[in-house]
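Visitor: I'd like to ask you about the structure that follows.
Read the figures in this text as sums done on the coordinates, not as results from a lab. In this text, all values refer to a predicted model and were calculated from it rather than measured experimentally. We place every Cβ from the backbone using ideal geometry, glycine too, and count neighbours over all the protein chains shown.
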């Protein structure tokens, strides 16, 4: 969680290595006066000896104040009234009430099964396969296998655990190829379950066909 107010308000120029805050840096990077700035996990703000980031964000998010936001490095008012701020949070209980009062709350439901399968097939599996040095000739995840993983191993709103399970399966396949010098043949639901229970996927030394996770 963010705990240094200088990340938002910037450092005073008397300090070595001083620089503007993240908000001013975003304006400079986008070269726009009305960008979209996303603040991820705003519920994890923390207050320490380096100041209170929530108070600094309050100045940036409050429509009555953000027309003259003062960055310590620039030491001149900056108009943030045209910036669209989007903040994400897992819970709202830890967001300071004064800050939360300046926000419009939009509750998003978790992913449904079909959405998880689509994300896994188009993003998680290709990325994990590249990370393990594998190709589609080595292993193929079919839709029923991804549905089984999402339904039985990853009962969550997001896809973080699903990514971990896919990574685990692909690491085992990569190990089998390197250690046994043989390609896995096919992975049924039973063998896929065994792989996630610290067992190996079934393999055959005489076949070079890709894994078909069913």
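Visitor: Exposure proxy check: 28, 168 ranked by fewest other beta carbons within 10 Å?
Guide: So the residues, fewest neighbours to most, are 28, 168.
Visitor: Counting only DSSP beta bridges with both residues in segment 6-100, what percent are antiparallel, rounded to the nearest 5?
Guide: Approximately 50 percent, going by the DSSP bridge assignments.
Visitor: Testing the spin-label approximation: label points 7 Å from Cα along Cα→Cβ at residue 4 and residue 84. State their distance in nm.
Guide: If labels sit at residue 4 and residue 84, their model points lie 3.1 nm apart.
Visitor: Using alpha-carbon pairs under 8 Å, 6+ residues apart, how would you state the relative contact order of segment 6-100 in percent?
Guide: Relative contact order, segment 6-100: 35 percent.
Visitor: Let me ask something else. With a point put 7 Å past each Cα toward its Cβ, work out how far residue 171 is from residue 40 in nm, to one decimal.
Guide: Reported label-point gap for residue 171 and residue 40 is 2.1 nm.
Visitor: Once label points are set 7 Å from the Cα along Cα→Cβ at both residue 142 and residue 14, what is their separation, rounded to one decimal in nm?
Guide: Here the answer is 7.1 nm between the modelled labels.
Visitor: Mind running the shape call on segment 6-100? Use the C-alpha gyration tensor, a ≥ b ≥ c as the square roots of the eigenvalues: rounded below 1.5 for a/c, prolate if a/b tops b/c, oblate otherwise.
Guide: On the way: a/c = 1.73, a/b = 1.23, b/c = 1.41.
Oblate, because a/c is 1.5 or more while a/b does not exceed b/c.
Visitor: Please arrange 19, 176 by counting, for each residue, the other beta carbons lying within 10 Å of its beta carbon, fewest first. Don't jump to the answer; show the numbers that get you there.
Guide: Values: 19 13, 176 21.
Ordered by Cβ neighbours within 10 Å, fewest first: 19, 176.
Visitor: Let me ask something else. Determine, for 143, 14, the number of other Cβ atoms within 10 Å of each Cβ, and report the residues in order from fewest to most.
Guide: Final ranking by Cβ density, sparse to dense: 14, 143.
Visitor: Working out 0.36 nm times the residue gap between residue 135 and residue 160, then minus their Cα-Cα distance, what length gain in nm do you get to one decimal?
Guide: Working it through step by step, the gained length comes to 6.8 nm.
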